[in-house]
Ligand code: TXE
């Protein structure tokens, strides 16, 4: 490959630079507590495997309850002495803007590090990880000195002031898909609002967030305000969630873990829990779609990019019966044109599945769907086995009924379930017949129908004549068992502050 090859969407990316970074030997990583890198108190580590080739990439500290308690104590001390919380918003803004600049300066290094850790194709990772994280820090930095309190319309002899007060210590637990982007969605508004944070990354994708914490201190965020503890969910995640000294929990991950967090909250200090728990998002194509070819192309990208490991992935295609066969054929053609392989090769459109267990689970879903009567139109198998990595072909299954496992359960892999429908009412009924409600898509040239669909679909976001690609200005959050609360937009700030009333007799 010529060393000057760049990616059109990301002119910053040059293959030779990516290749140089991918060869970098990674020393084992410690926790980041109180502004320092600190090993596990028992000295234990665990191997981090790269999904690119299944080889050991490095080791990270295997956290203990003691490590987590130290991080929480550090965050609590930082909050109580006001080293960050009591700084003027305009000062916090300056520091967070500097952090955004530092992330951007290290963007390629962070993107490659993240891809080696989690397998996302670099073309997506660059944009969705460091660049998106930098944008998120910038957004909340710029916002925070424009947030005013209120004066209540009281009688003349009293003054009712409504302040926004930081909540205290925020526990953030994030997953392995898009750790920087999702991490920044939590960290940026939490820090902007003056809180301290203890972050627990996924055990299999901690590296970029550890680097981010170092950059935060370099930018001027005081020690103890942002701590990162690595290790298993069952040990350090549970300790964080059960802590009496953590005021709120923010989480993205599975429904099963979300349930546990609510339980831990009830068993401890009733801390608020905001949960983003994935989805089984319907992407609905009507026969009056304006541009069938474009809809098929976007729909393929909506499920297959990042091997389907995106919470809002368009994993259920509901297509009006009259155009079912044509649309599926067009979509399959697009999927076939998407090249799967080494995620650090700019030529590839789809990288690796994150782990062997995720890959096995994906293949199991395909098998079960076949047993339940669905037809395999494309893919269905592991590919590129000789690389030692975890790769799966884009998979399209038709004839999936609303009672089938594949229709109802999140696969979190490159597996599309296709179901035909006849009428608008049936489309809405099918769209709403899972326990999830995170994202949806509607393709139609009928404006009235588009509005009716937006109103009828129970979901946090409904895309019309597109899928994905929304920016920071709009909230992202689920309804039903996809969770509660919102990341992104000014609304996210609401989670990270309490309303505090001062009632003053004049
Ligand atoms: O999730 P977990 P996993 C879905 C997706 C995927 C499935 C399993 O369907 O196939 O979940 O993925 C921490 N107390 N999503 O196992 O376990 C864990 O260490 C406290 C959708 O990776 O929920 C990690 O940091 N924390 C999703 C985080 O929770 C605990 C993204 C998420 O891991 C814990 C990821 C515990 N008891 C998976 N157990 C999305 N919404 O995008 C685990 N953790």
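We did not get these values from a lab; they are worked out from the coordinates using the rules stated. As the structure is a computational prediction, the values presented were derived from the model and not from experiment. Virtual Cβ from ideal backbone geometry, glycine too; neighbours counted across all protein chains shown.
Could you check how many residues of region 165-198 are within 15 Å of the ligand (Cβ to nearest atom) and over 14 Å from the mean Cα position of the chain (by Cα)? Explain how you work it out, then say what you get.
Keep residues of region 165-198 that are within 15 Å of the ligand (Cβ to nearest atom), which gives 170-187, 197-198.
Cutting the leftovers down to over 14 Å from the mean Cα position of the chain (by Cα) gives us 170-171, 197-198.
Number of matching residues: 4.
Yes or no: region 343-356 includes at least one residue that is buried (at least 16 other Cβ atoms within 10 Å of the Cβ), free of Cβ contacts under 8 Å to residues at least 60 places away in the same chain and either over 24 Å from residue 254 (Cα atoms) or within 22 Å of the chain's Cα centre (by Cα) (or both).
Within region 343-356, none of the residues are buried (at least 16 other Cβ atoms within 10 Å of the Cβ), free of Cβ contacts under 8 Å to residues at least 60 places away in the same chain and either over 24 Å from residue 254 (Cα atoms) or within 22 Å of the chain's Cα centre (by Cα) (or both).
Residue 108: in contact (Cβ under 8 Å) with a residue 12 or more places away in the chain, away from the ligand (no atom under 16 Å from the Cβ) and touching a strand residue (DSSP E or B) at 6+ places or on another chain (Cβ under 9 Å), yes or no?
For residue 108, the condition - in contact (Cβ under 8 Å) with a residue 12 or more places away in the chain, away from the ligand (no atom under 16 Å from the Cβ) and touching a strand residue (DSSP E or B) at 6+ places or on another chain (Cβ under 9 Å) - is met.
Report, by residue number, each residue of region 253-299 that is farther than 18 Å from residue 424 by Cβ, out of contact with any strand residue (DSSP E or B) (no Cβ under 7 Å at 6 or more places or on another chain), away from the ligand (no atom under 16 Å from the Cβ) and in contact (Cβ under 8 Å) with a residue 60 or more places away in the chain.
298
Name the one entry in 205, 216, 241 that is within 22 Å of the chain's Cα centre (by Cα), over 13 Å from residue 63 (Cβ atoms) and away from the ligand (no atom under 14 Å from the Cβ).
Answer to the selection: 216.
Restricting attention to region 148-184, which residues are surrounded by fewer than 24 Cβ atoms within 10 Å (Cβ to Cβ) and assigned to a strand (DSSP E or B)?
Passing the criteria: 150, 151, 158, 159, 160, 161, 162, 163, 164, 165, 166.
Please name all residue pairs, on different chains or six or more residues apart, with Cβ atoms under 8 Å, provided the first residue is in region 156-179 and is under 16 Å from residue 206 (Cα atoms) and the second residue is outside any strand (DSSP E or B) and away from the ligand (no atom under 16 Å from the Cβ).
Close Cβ pairs satisfying both conditions: 172/190.
How many residues are touching a helix residue (DSSP H, G or I) at 6+ places or on another chain (Cβ under 9 Å) and outside any loop (DSSP other than H, G, I, E, B) if we restrict to region 214-233?
Within region 214-233, residues that are touching a helix residue (DSSP H, G or I) at 6+ places or on another chain (Cβ under 9 Å) and outside any loop (DSSP other than H, G, I, E, B) number 8.
More than 19 Å from residue 143 (Cα to Cα) and more than 16 Å from the ligand (Cβ to nearest atom): which single residue out of 499, 506, 490 fits that description?
The unique qualifying residue is 506.
If only one of 442, 454, 461 is within 22 Å of residue 316 (Cα to Cα), in contact (Cβ under 8 Å) with a residue 60 or more places away in the chain and out of contact with any helix residue (DSSP H, G or I) (no Cβ under 8 Å at 6 or more places or on another chain), which one is it?
Matching residue, one of 442, 454, 461: 461.
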